[in-house]
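Scroll down for the structure; my scribbles are underneath it.
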Amino acid sequence: MATATPPAPKVNHIGLPMLEYRGGKTTLCAGCGHNAISERIIQAMFEMGVEPERVMKMSGIGCSSKSPAYFMSRSHSFNSVHGRMPSVSTGAILANHGMTMLGVSGDGDTASIGMGQFVHLMRRNLPMIYIIEDNGVYGLTKGQFSATADIGSTLKTGVVNDLPAIDTCAMAIQLGATFVGRSFSGDKKQLHTMLKAAIAHRGTVMLDVVSPCVTFNDHEGSTKSYKYMQTHEEPLHEVSFVPSFQEINVDYDPGTTLEVTMHDGSSLRLKKLEQDYDPTDKIQAVSRLMESHAKGEVLTGVFYINAKAPSFIDMLNVTDQPLATLPESDVRPSREALAKCMAELQ
Ligand SMILES: Cc1ncc(C[n+]2csc(CCOP(=O)(O)OP(=O)(O)O)c2C)c(N)n1
Ligand code: SF4
Ligand SMILES: [Mg+2]
């Protein structure tokens, strides 16, 4: 009797099945928000047809920073020192800006030890997607408060956090990032859509994704728990995205939907839930974030976008050729140039 052949796996527009975007088996706790984010990254990269070999995955130290091992095994990966992913990433993307750079950090890695590097990354508008997997604690070192923990929230032991939270989104907007948003690891549709738009953007994308730590910060009294997010998430808009390689034939109402054309010709659509919100207005974005904090809401969505700003690469006029492949004649000053330089120093 003939056996039925299994159906061929569904492939994306560059001919790869989803399997080619998977990584190693996760060692994070079952139910950790970070695992859900890895799944959304796999789905977004697959649907956008990004070549895995053209992706650089960067991270620092933490449970979140371990997660690049659990997606896209065929991509390049660099697990750096705690809080130092921005400087390593800056060097890597300057050396080869034909690559897609995806950084995964934690709230501790970014807003505590890494704050100095984070702020300088945000003001350069380097083409990079920077994700903070934000659980309000240092998960890897057993659950101490991080600098994004809300004032008044409690640890499992009952210890109260008496310091105000740093809002990484408000900071990133003020500093110069050109695509800034917040999502929740449990909001599959919103996160997946925002990640696809992030891939289409050429500039610094900063996404703060609330990602509950089930082991150390998912209890009553935590504002980064699944329950808190399910009851306090306040989306600014419904996000949808049409990639450049798909025909744009979805009907939408321009009166209630804002359309942003991305660098690669893709289209990000933000269906307004708040009629007067304009994501190109920095001042409004920061003040709306502050208002929602005061009300105890967790605002999600794309807060700020500027799809036209020049990136750091444009400003520096860096060659398109990867620096490692430039011939010695292009990178080594001639004997005469060196002599001239030495003469000027005498
Ligand atoms: C220089 C240095 N200081 C401290 C540590 C200890 N350490 C490891 S991970 C971590 C915090 C991680 O927190 P976060 O970035 O929020 O990641 P999470 O584990 O919560 O995903 C700390 C303090 C370290 N590895 N290196
Ligand atoms: S300790 Fe927390 S952050 Fe780390 S893997 Fe477990 S649930 Fe995730
Ligand atoms: Mg953390």
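The values are calculated or read from the model by the stated rules, or taken from the named source; none is laboratory data. Every value quoted in this text rests on a predicted model; they were computed, and no experiment measured them. Neighbour counts are summed over all protein chains in view; Cβ atoms, including those assigned to glycine, are modelled from backbone coordinates with ideal geometry. Ligands, DNA and RNA are stripped out before the accessible areas are found, and what is left, the full protein with its side chains, is counted by its heavy atoms. Shrake-Rupley method; radii C 1.70, N 1.55, O 1.52, S 1.80 Å.
Each Lys or Arg adds one and each Asp or Glu takes one away; over the other residues whose Cβ falls under 15 Å from the Cβ of Arg202, this sums to +1.
What part of the accessible area of the chain, given as a whole %, is carbon or sulfur when the probe is 1.4 angstrom? Taking all protein chains in place, the chain shows 57 percent carbon and sulfur surface.
Can you list, largest first and rounded to whole Å, the semi-axes you get for the range 85-125 by taking the square root of 5 times each eigenvalue of its Cα gyration tensor? Kindly include the intermediate steps, with their values, before the conclusion.
Working: eigenvalues 76, 23, 11 Å².
Semi-axis lengths for the range 85-125 are 20, 11, 8 Å.
With each label modelled as a point 7 angstrom along the Cα→C-beta vector, the Thr141-Asp281 pair spans 4.2 nm. For Glu53 and Asp162, the difference between the fully extended length at 0.36 nm per residue and the C-alpha to C-alpha distance is 34.7 nm. Counting only aspartates and glutamates at least 8 places from Lys271 when in the same chain, those with an alpha carbon closer than 18 Å to its own are Asp187, Glu233, Glu234, Glu238, Asp251, Asp253, Glu259, Asp281.
Relative to the compact-globule estimate of 2.2 N^0.38 Å, the Cα radius of gyration of the chain comes out at 1.06.
Look at the alpha carbon pairs under 8 Å that are at least 6 residues apart: their mean separation over the length of the chain gives a relative contact order of 16 percent. Here Lys271 sits with roughly 90 square angstrom of accessible surface, probe radius 1.4 Å.
Of the residues Leu268, Leu155, Leu316, the one that moves most in a GNM of the chain with alpha-carbon contacts below 10 Å is Leu316. Distance from the alpha carbon centroid of the range 152-173 to that of the range 1-65 works out to 32 angstrom. Of the residues Ala309, Ala170, Ala198, the one that moves most in a GNM of the chain with alpha-carbon contacts below 10 Å is Ala309. Computed per residue of the chain from DSSP H runs no shorter than four, each worth -39500 (n - 2.57), the mean residue ellipticity at 222 nm is -8500 deg cm²/dmol.
Among Asp208, Asp109, Asp281, which one shows the biggest mean-square fluctuation in a GNM of the chain, springs joining Cα atoms closer than 10 Å? Its mean-square fluctuation being the largest, the pick is Asp281. Using a probe of 1.4 Å on the protein chains alone, the accessible area found for Tyr138 is around 80 Å².
Quick one: if you stick a label point 7 Å off each Cα along the C-beta vector at Glu259 and Ala95, how many nm between them? Inter-label distance under the simple model: 4.2 nm. Modelled spin labels at Leu323 and Gln346, positioned 7 Å past Cα toward Cβ, are 3.1 nm from each other.
Residues of the chain: accessible area per residue at 1.4 Å, in Å²? Don't skip to the end; give the middle numbers.
Values: 16530 Å² over 346 residues.
That works out to 48 Å² per residue.
Quote to one decimal, in nm, the extra length available between Phe78 and Lys25 on full extension: 0.36 nm per residue of separation minus the C-alpha distance between them.
Working: separation 53, 0.36 × 53 = 19.08 nm, distance 1.79 nm.
Once the chain is fully extended between Phe78 and Lys25, it gains 17.3 nm.
Counting charges near Ala294 (Lys, Arg +1; Asp, Glu -1) among other residues having Cβ under 12 Å from its Cβ returns a value of -2.
Rounded, prolate or oblate: pick one for the range 145-205, where a ≥ b ≥ c are the square roots of the eigenvalues of its C-alpha gyration tensor, a/c under 1.5 means rounded, and failing that, prolate if a/b is larger than b/c, else oblate.
Details: a/c = 4.56, a/b = 1.76, b/c = 2.59.
In terms of gyration-tensor shape, oblate.
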